[in-house]
Amino acid sequence: MSDATSAVPVCIAGTGSYLPEKVLTNADIEKIVDTTDEWIVTRTGIRERRIAAEGEFTSHMATHAAEKALAQAGIAAEDIQLIIVATITPDTLTPATACYVQQRLGAFGAVAFDISAACSGFLYSMKIAKRLISDGAFENALIIGAEKLSSFVNWEDRNTCVLFGDGAGAAVLKKAGPGDGEILATEMGTDGRQTHLLNIPGGGSACPITTENADQRLATLAMLGKEVFKHAVTRMKQSAEKVIERSNLTADDIALVVPHQANLRIIDAIADRLDIPAERVFTNLQKYGNTSAAAVAIALDEANRSGAIKKGEHVVLVVFGAGLTWAAAAIRW
Ligand code: COA
């Protein structure tokens, strides 16, 4: 599913991110499971990740990131009309984490809901918010990717626990005025035949957690890593190409690619296939690991605030996650 440049242009007015203070290094993980810093770094590129404090929930992290995005956009919380939180680690199954964020921000003029699209959730939110603004339903929107994956990782499973971390990223979208940037094209897709490759099998209506199955840790991430890897490379490459083409651009026009931060080898493979050199690809997974829906949002904020993206330049965001899901966006900054 994709869209070409819309009649009413929509821009990103501000970005923000939040990472919890606690750092868990590969050396720390060596003490928890049978692994080595060398294995983790060579297979994934990850060196450390952040872990939320006790009593710090997804909505807290989402709110911190949102406050920074709102401040940069110069929009007061009470003037925000739509809040979408993308997460697979909500505070509660219901109500939506977006409702807690609305409460914490005091953004009581906003409609608020969550979407569940795993690591692709932030760009799914971007496409939805862009369309709703472009259609005139809302003047602006706050989109947030936020995850507390540390609560859904099996800390005895070395195949998965080394990969994930906690954090949140946010962006404020609004109708673009003269001189503003523009979200030029967005694209997203799903392949429900691959639900078995990456999931949290327990804790939902299909498999409630009971005293009988509690010791099986079913409410934690399960993954067939090698299969996920192959799909990730193919889908992200295709998705990025689609938004580049629909924006009437070529790879040479893209100043920066901001990809989902899951694995450095996946990112290198995509950059190679897109023919975009490594210096034009943003990575921060070395510091944070894979923070699912938050990852591309945090990376976008760091790229923005560090000056890695300059006004007028073209940026491509591209993501991939459980579902399987994937999405991309081409933006003139
Ligand atoms: N430390 C040491 N050894 C580990 C390990 C760890 N943390 N995790 C797995 N291993 C072992 C396995 O037990 C297996 O051993 P065996 O061959 O004796 O059975 C071996 O390493 C697996 O090696 P391999 O399959 O070659 O690993 P890989 O190169 O595919 O890398 C991943 C594994 C998970 C890093 C990689 O497949 C990956 O990143 N996949 C994508 C995952 C992802 O991005 N998920 C999120 C998508 S949004």
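For segment 44-96, what are the residues that are among the acidic types (Asp, Glu) and more than 20 Å from the chain's Cα centre (by Cα)?
Across segment 44-96, the qualifying residues are Glu54, Glu78, Asp79.
May I ask you to verify whether Ala66 is assigned to a loop (DSSP other than H, G, I, E, B), assigned by TED's automatic domain parsing to the domain that holds Ala170 and in contact with a Lys or Arg (Cβ under 9 Å, 6 or more places away or on another chain)?
Against the criterion (assigned to a loop (DSSP other than H, G, I, E, B), assigned by TED's automatic domain parsing to the domain that holds Ala170 and in contact with a Lys or Arg (Cβ under 9 Å, 6 or more places away or on another chain)), Ala66 does not qualify.
When the residues of segment 291-319 are narrowed to those that are within 16 Å of the chain's Cα centre (by Cα) and open to solvent by 10 Å² or more (accessible area, probe 1.4 Å), which ends up nearest to the ligand (Cβ to nearest atom)?
This residue is Glu302.
Tell me whether segment 223-230 contains one or more residues that are open to solvent by 20 Å² or more (accessible area, probe 1.4 Å) and away from the ligand (no atom under 14 Å from the Cβ).
The answer is no; no qualifying residue exists.
Only residues that are part of a loop (DSSP other than H, G, I, E, B) and either loosely packed, with under 15 Cβ neighbours inside 10 Å or near the ligand (Cβ under 9 Å from one of its atoms) (or both): list them for segment 19-30, please.
Glu21
Could you tell me whether Ala118 is modelled with pLDDT of 95 or more, at positive phi and touching a Gly at 6+ places or on another chain (Cβ under 6 Å)?
Judged against the criteria, Ala118 is a match.
Go through segment 231-253 residue by residue and tally those that are within 11 Å of the ligand (Cβ to nearest atom) and open to solvent by less than 30 Å² (accessible area, probe 1.4 Å).
Of the residues in that region, 3 qualify.
Report yes if Val33 is open to solvent by less than 50 Å² (accessible area, probe 1.4 Å) and touching a strand residue (DSSP E or B) at 6+ places or on another chain (Cβ under 7 Å), otherwise no.
On the way: open to solvent by less than 50 Å² (accessible area, probe 1.4 Å): yes; touching a strand residue (DSSP E or B) at 6+ places or on another chain (Cβ under 7 Å): no.
It is false that Val33 is open to solvent by less than 50 Å² (accessible area, probe 1.4 Å) and touching a strand residue (DSSP E or B) at 6+ places or on another chain (Cβ under 7 Å).
Sort out which residues of segment 36-50 are crowded, with 17+ Cβ neighbours inside 10 Å and near the ligand (Cβ under 8 Å from one of its atoms), and write them in order of number.
Correct list: Ile40, Thr44.
Are there any pairs with C-beta distances below 6 angstrom linking a residue in segment 254-276 that is open to solvent by 20 Å² or more (accessible area, probe 1.4 Å) to a residue that is in a loop (DSSP other than H, G, I, E, B), with the two at least 6 apart or on different chains, and if so which?
Listed pairs, sorted by first residue: Ala255/Glu313; Leu264/Gly45.
The values are calculated or read from the model by the stated rules, or taken from the named source; none is laboratory data. Just so we're clear, the structure is a prediction, and the values are computed from it rather than from any experiment. For neighbour counting, all protein chains shown are included, and Cβ atoms are generated from backbone atoms with ideal geometry for every residue, glycine included. Accessible surface is based on the protein model in full, side chains and every heavy atom, while ligands, DNA and RNA are left aside. Shrake-Rupley method; radii C 1.70, N 1.55, O 1.52, S 1.80 Å.
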